[in-house]
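Computed from the coordinates by the stated procedures, all read-outs in this text should not be read as laboratory data. What you are looking at is a predicted structure, and each value in this text was computed from that prediction instead of being measured. Note that each Cβ is placed from the backbone with ideal geometry, even for glycine, and that neighbours are counted across all protein chains shown.
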C-alpha cells in the first residue's frame, strides 16, 4: 500500500537529484520528463467514466487493462444470457476493485511519476 508521506519524500529527493544534474543534462531530463509524466486527473477520469480498465492502458499496463476489459465485457454479455446474476457479479466485482484506484488516483500517479523520474535520473546520471 502506498504511503503519502513516503511518496512525497521520494518525489522531493528525486527533484533535488535532478537539480544537481549539469545544465545540459538537466534540460534534457526535464524535456523528456515532461513528455512521459502522467496526469492524475486523466487517470481518474478514465477510471470514472470507464470502469472497464482504460486507466491501465493510460499507464501502459496492457495486460491488466485487457483483463479488466475482458471481465467487464463478459459481465455485460452475461447480463443478456440465462445467467444474468453472474454478469452482474462480474461487473460489481470489477467496479469495486477499480474504485480503490479511483479514490487513490493522486497517489498512484504520483508514485508512477516518481518511478519515471527515478529511471530518467539513472539514465542521465550514468551518461555523465
Problem - Relative contact order, percent, the range 41-128 [alpha-carbon distance under 8 Å, six or more residues apart] - result: 26 percent
Fill in the blank from the handout: Dividing the helical contributions, -39500 (n - 2.57) per DSSP H run of n ≥ 4, by the residues of the chain yields a 222 nm value, nearest 500 deg cm²/dmol, of -27000 deg cm²/dmol
Exercise for the section: Order the peptides 18-27, 117-126 from the highest to the lowest mean number of other Cβ atoms within 10 Å of their residues. Expected result: 117-126, 18-27
Problem - the range 55-104, Rg to Rh (Cα coordinates; Rh as Kirkwood inverse mean 1/r) - result: 1.05
Exercise for the section: Between the alpha-carbon centers of the range 100-119 and the range 20-70, tell me the distance in whole angstrom. Expected result: 9 Å
Completion exercise
For the range 41-128, using Cα atoms only, the Rg and Dmax in Å read 16.8, 65
